[in-house]
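Read through the structure below, which is laid out as structure tokens, and then see the notes.
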Amino acid sequence: MIKEEHEVAVLGAPQSQAPLTTTVINIRSDTAVPDHIVWSLFNTIFLNWCCLGFVAFAYSVKSRDRKMVGDITGAQSYASTAKCLNIWALVLGIFLTIGSIVLLIFVYMAAYETALRISRHGGH
């Protein structure tokens, strides 16, 4: 048996005689517009003060839609707005959360002091 016949017997005959073709997709760097959708989703779920996280999520989805249809300028515009809204949602969320915790501590301290004063004076 010749070497080629042995390889055909072991490996099997080729499945098709058509030439192999490959597809190469080149993604240009200018189409890589960040849409900030994960950040917007995080702000929507956890830091949604004044609904800024939800509005940022809507702009992120619009940015992704514009990117999918090839409108890079529109995608960049929506992404920029989503980024700005996400920054504001994050900053306001942190400040308002810390402020709420501090206010809650002061209210509990005042209620505790009032309860101590009432118990010391015998309820009068």
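The values are calculated or read from the model by the stated rules, or taken from the named source; none is laboratory data. Just so it is clear, the model here is predicted, and its values are computed rather than measured. Cβ sites come from the backbone with ideal geometry, for glycine too, and all protein chains shown count toward neighbours. Side chains are part of the model used for accessible areas, which takes the heavy atoms of the whole protein and leaves out ligands, DNA and RNA. Shrake-Rupley method; radii C 1.70, N 1.55, O 1.52, S 1.80 Å.
Examine the range 85-100 for a residue that is at pLDDT 90 or above and touching a His at 6+ places or on another chain (Cβ under 8 Å), and state whether such a residue exists. The answer is yes, given that some residue of the range 85-100 is at pLDDT 90 or above and touching a His at 6+ places or on another chain (Cβ under 8 Å). Are any residues in the range 80-124 among the hydroxyl-bearing types (Ser, Thr, Tyr), over 40 Å from the mean Cα position of the chain (by Cα) and surrounded by 10 or more Cβ atoms within 10 Å (Cβ to Cβ), and if so, which ones? Those that are among the hydroxyl-bearing types (Ser, Thr, Tyr), over 40 Å from the mean Cα position of the chain (by Cα) and surrounded by 10 or more Cβ atoms within 10 Å (Cβ to Cβ): Tyr112, Thr114. Counting the residues of the range 26-47 that are modelled with pLDDT under 70, open to solvent by 100 Å² or more (accessible area, probe 1.4 Å) and either in a helix (DSSP H, G or I) or among the hydrophobic types (A, V, I, L, M, F, W, C) (or both) gives 2. Scan the range 55-74 for residues that are crowded, with 20+ Cβ neighbours inside 10 Å and within 14 Å of the chain's Cα centre (by Cα) and the total you get is 6. Leu52 falls short on exactly one of the conditions (1) modelled with pLDDT of 65 or more; (2) open to solvent by 80 Å² or more (accessible area, probe 1.4 Å); (3) not small (Gly, Ala, Ser), and that condition is (2). Restricting attention to the range 45-80, the residues that are under 11 Å from Asp35 (Cβ atoms) and touching a Ser or Thr at 6+ places or on another chain (Cβ under 9 Å) add up to 14.
Being open to solvent by less than 50 Å² (accessible area, probe 1.4 Å) and assigned to a helix (DSSP H, G or I) is the requirement here; does Ser77 meet it? Answer is no for this residue.
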